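J.: One structure, pasted below without further comment.
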C-alpha cells in the first residue's frame, strides 16, 4: 500500500508532461543523431498515439534498507510495526499481515531519521539536495504532518526529537554544519512547526544529534568533537566537550541521553559517559567503533521501570547495559550465524514490551532477535536483506514465474519472489556484476562481471605473475538449481572492459554479452550438454555498448552504444546488417534499446543521451517503461513515437533508475535504483 499525496507535486503516480533535463551535453546528443538513419517504420506501423497509457502503477513493495548514509534508522512504532527507509521512501512494515505502507514525497536520498521516542507515533526524515526537505510524518499511516525546507542546504545529516516531543533538532551538511531547532506549533500533532533557534556547528563532519535531559539541551558530535548546546531565545550556544585525562579526542559516531548522563560511542570502542560537558567515565564496550547507542526503559518489577542502554558495534555485537554500565546481555551476530555478507551494526531498537530486539546491519540486513532466548526470529534468517555496496544495475525476470534476479557491485546475486515479496536465495559472486539473464528454459542464469562506478577507467595493466586475474569483462553461467552452492557451470573472460548487458537468444542456442570495450560477444550454447563455444564478436560500434535485443527468431541483434549508434547484427555470421530497412518488419523478442523506432517519443527535447538508462516494452507490446537519471520510472504507450508524448511518472527512487523490467505476465514492473540500491515492485492495473 502506498500513500499518494494529492496536494504534492511529487505524487507517486502523477501524470506529467514532457520535462527538461538541464545538461549541456544534451545539445550534442540532439545535434548529432547517428541513430536516425537506422530508424525505419514497420510496413504496417501503428497510428501514433501520444496519450498517456491505460495503466495504473501502484508501489506495492520496496526491497532494501539504507545502511550506508544513515544510522539508527530502524525502529518499532507504537503498534510494533517496523519503520525504516531506503532510497527516498519511508517504509512501515506490518509483520502480522506482511504488508508495507510507504511515505513518498522526498526527492532525494533520505539520509537522516528520527522517531519520537515518547509515543513512537511520529517519524522525521531528512534528505540530501540543494534545498533539502525535512518531513515529519505519521509512523503508522505514513501521512505527512509537515514539511520544512527553509533553512538547510546540501542535506540534513542528523535529526532528533526532544523527550517531550515538542521540539526537533536538525543538523545540516553545509560547511558549518548549522543547527536548527524546530518547535511544534499545533498542540502535539506537528501539523505546523516553526523555526525556534539556529546556530553554527563544527566544521568537522557531524555524525549525530540528540537532546539531553530537557528540551533546552542539545548534544551533537562527530569527527573529533562533541558539542553541548543550550537554547537561548532564538540562538543556541555551545561548549566543547572536555575529555581531560579520562579519554582521547576522536570520532564520536553516536550519542544519547541516559538517565542523568549523556553517553557517546567512540571510534575506539568505548562508551564515554559525560556529566555536563566533562567526560566522567570511559567504559570499554566493543572491538572497534561503537556505531550506535540508544536508551529505553524496561518494566522491572517491583522497582518499576529500569533504564537500559543499547550499544551496537563494528564487531557485530549488540550489548544491553544497566545504569551502572554493567553488561546485562550480549547478542553476537557472528555467533548467531545470521547475515551472510557482513555484520557491522547500523541500528538497534527494542519493541514496546522489551521482548524483541530489532537490528540493522551495514550489509542491509534487518534482523529480529528474541531478547530472552537470544535466538533469531524468522527461522533464524533476516527479516529483510538488500544490496549494500556501491551500485545496483543487474536485473532479469524469470521467463514463466513471478521471480526475478538481481546482481550488484556488492558481489552478490539475489533471487526474489514477487508474490511472496521476499528474498528467496542469495549467493556470493567472485566479482561485482551489473548484468544478468535467465535462459529461456529458466535453468541457467548468466552473470556479466565488472563496473565502472561512474568513471570510465583506462585499461588496467595485465596482472603480474602470481596475481589473481581481474574478472572485469568476464562472465559466469550458473545453474539455477545450484544457486545455493558455489558451483559455476561455465566461466570465460572475452572482453577487455566490463559487461553491461547479457541475454540468451529466444531459442536458447546463443548467449550474447555486450561490453564497454565496444564489442558484443557471442557464444554457441549446446542444448542438453550446456557447453559454450565462443564465436566471432560483433565489433562495429564506435563506443561502449549499452543495450541490445534479440529478434524473435534469434537471427538478429539490435544494439545501442555510447556514441548513440543504432546497429544490427546477423547472429549466424556476426556481420553488420547495414540496410536497416531490410529489418523493418523483424519482430524483436524484447525491447530494451533506448534508441529505435518505437521509443522515439520518450526523449525530452533537451535530453542528454545518457539521461534515460533503461527501457522495457511489455510482453503485450502495449506499455513502455523507462528509468532515468532524475529518479523517475515512466510509463508510455507502446510504440511511443510523437515527441511530447504523455506519460505517467512514478517517484521514489533517489537517483538514477538503472534498470526496469516487466514480469513475464505484465502484471508487475520491477525497477532498480543505481546509487540507492533499492528494488521497487510496481503493481500494474
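J.: Which of the strands (runs of 3 or more DSSP E) found entirely inside region 345-445 contain at least 3 residues meeting this: farther than 27 Å from residue 296 by Cα?
T.: Those strands (runs of 3 or more DSSP E) span 392-397, 403-408, 412-417, 422-428, 433-438.
Matching residues to (1) within 15 Å of the chain's Cα centre (by Cα); (2) within 19 Å of residue 658 (Cβ to Cβ):
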site	(1), (2)
65	yes, yes
70	yes, no
75	no, no
84	yes, no
89	yes, yes
93	no, no
103	no, no
111	yes, no
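J.: Of everything in region 333-344 that's part of a helix (DSSP H, G or I) and closer than 15 Å to residue 313 by Cα, which residue is modelled with the highest pLDDT?
T.: Within region 333-344, the match that is modelled with the highest pLDDT is 333.
J.: Related question: Does region 637-656 contain at least one residue that is in contact with a strand residue (DSSP E or B) (Cβ under 6 Å, 6 or more places away or on another chain), part of a strand (DSSP E or B) and closer than 21 Å to residue 546 by Cα?
T.: There is no residue in region 637-656 that is in contact with a strand residue (DSSP E or B) (Cβ under 6 Å, 6 or more places away or on another chain), part of a strand (DSSP E or B) and closer than 21 Å to residue 546 by Cα.
J.: Name, by its number, the condition in (1) modelled with pLDDT under 95; (2) crowded, with 19+ Cβ neighbours inside 10 Å; (3) more than 26 Å from the chain's Cα centre (by Cα) that does not hold for residue 603.
T.: Unmet for residue 603, out of (1) modelled with pLDDT under 95; (2) crowded, with 19+ Cβ neighbours inside 10 Å; (3) more than 26 Å from the chain's Cα centre (by Cα): (3).
J.: Still on this structure, please answer the following. Being out of contact with any strand residue (DSSP E or B) (no Cβ under 8 Å at 6 or more places or on another chain) and assigned by TED's automatic domain parsing to the domain that holds residue 116, is that true of even one residue in region 316-324?
T.: There is no residue in region 316-324 that is out of contact with any strand residue (DSSP E or B) (no Cβ under 8 Å at 6 or more places or on another chain) and assigned by TED's automatic domain parsing to the domain that holds residue 116.
J.: Return the total of residues in region 338-367 being under 25 Å from the mean Cα position of the chain (by Cα) and surrounded by fewer than 18 Cβ atoms within 10 Å (Cβ to Cβ).
T.: 2
Table: residues versus (1) more than 36 Å from the chain's Cα centre (by Cα); (2) at pLDDT below 95; (3) under 30 Å from residue 488 (Cβ atoms).
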| site | (1), (2), (3) |
| --- | --- |
| 526 | yes, yes, yes |
| 536 | yes, no, yes |
| 539 | no, no, yes |
| 546 | no, no, yes |
| 549 | no, no, yes |
| 563 | no, yes, no |
| 569 | no, no, yes |
| 578 | yes, yes, no |
| 581 | yes, yes, no |
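J.: Further question: Looking at 525, 586, which one is within 19 Å of residue 43 (Cβ to Cβ) and assigned by TED's automatic domain parsing to the domain that holds residue 488?
T.: 586
J.: Go through region 171-196 and give me each residue that's part of a strand (DSSP E or B) and farther than 16 Å from residue 239 by Cβ. Show your work before the answer.
T.: Initial filter on region 171-196 (part of a strand (DSSP E or B)): 171-172, 179-184, 193-196.
The answer is 171, 172, 180, 181, 182, 183, 184, 193, 194, 195, 196.
J.: What pairs come up if the first residue lies in region 235-248 and is on the phi > 0 side of the Ramachandran plot and loosely packed, with under 14 Cβ neighbours inside 10 Å, the second is assigned to a strand (DSSP E or B) and modelled with pLDDT of 90 or more, and their beta carbons are under 9 Å apart, counting only those six or more places apart or on different chains?
T.: These pairs meet every condition: 244/278; 244/279.
J.: Out of (1) free of Cβ contacts under 8 Å to residues at least 12 places away in the same chain; (2) more than 19 Å from residue 349 (Cα to Cα); (3) not in a loop (DSSP other than H, G, I, E, B), the odd one out for residue 279 is which?
T.: For residue 279, the exception is condition (1).
J.: I would also like to ask the following. Which count do you get for residues in region 562-574 that are closer than 14 Å to residue 541 by Cβ and in a strand (DSSP E or B)?
T.: The total comes to 4.
J.: Can you tell me which of 414, 434 is within 17 Å of the chain's Cα centre (by Cα), closer than 25 Å to residue 684 by Cα and at pLDDT 95 or above?
T.: Matching residue, one of 414, 434: 414.
J.: Continuing with this model, one more query. Within region 249-267, does at least one residue satisfy the condition of being farther than 29 Å from residue 174 by Cα, within 34 Å of the chain's Cα centre (by Cα) and surrounded by 14 or more Cβ atoms within 10 Å (Cβ to Cβ)?
T.: yes
J.: With modelled with pLDDT under 95 and outside the structural domain of residue 183 (by TED's automatic domain parsing) as the only criterion, which of 259, 269, 265 stands out?
T.: Numbers: 269 fails: modelled with pLDDT under 95; 265 fails: modelled with pLDDT under 95.
One residue alone meets the criteria, 259.
J.: Right, another one. Does residue 582 satisfy the criteria of being over 19 Å from residue 624 (Cβ atoms) and without any contact (Cβ under 8 Å) to a residue 12 or more places away in the chain? Let's see the steps before the verdict.
T.: Working: over 19 Å from residue 624 (Cβ atoms): yes; without any contact (Cβ under 8 Å) to a residue 12 or more places away in the chain: yes.
Answer is yes for this residue.
J.: Could I ask something else about it? Would you be able to say whether some residue in region 523-546 is surrounded by 18 or more Cβ atoms within 10 Å (Cβ to Cβ) and touching a helix residue (DSSP H, G or I) at 6+ places or on another chain (Cβ under 7 Å)?
T.: no
J.: Here's something else I'd like to know. Just name the residue that is nearest to the chain's Cα centre (by Cα) out of those in region 657-685 that are part of a strand (DSSP E or B) and surrounded by fewer than 24 Cβ atoms within 10 Å (Cβ to Cβ).
T.: Start the filter on region 657-685 by keeping residues that are part of a strand (DSSP E or B), which leaves 657-662, 668-673, 679-684.
So of that shortlist, the ones also surrounded by fewer than 24 Cβ atoms within 10 Å (Cβ to Cβ) come out as 661-662, 668, 681, 683-684.
Numbers: 661: 17, 662: 19, 668: 19, 681: 13, 683: 19, 684: 22 Å.
Looking at the filtered set, the residue picked out is 681.
J.: Sticking with this one: For region 380-408, give me each residue that is under 18 Å from the mean Cα position of the chain (by Cα) and surrounded by fewer than 23 Cβ atoms within 10 Å (Cβ to Cβ).
T.: Result: 383, 389, 390, 405.
The values are calculated or read from the model by the stated rules, or taken from the named source; none is laboratory data. What you see is a predicted model; the values in this text were computed from it and never measured. Please note: Cβ atoms are built from the backbone with ideal geometry, for glycine as well, and neighbour counts cover all protein chains shown.
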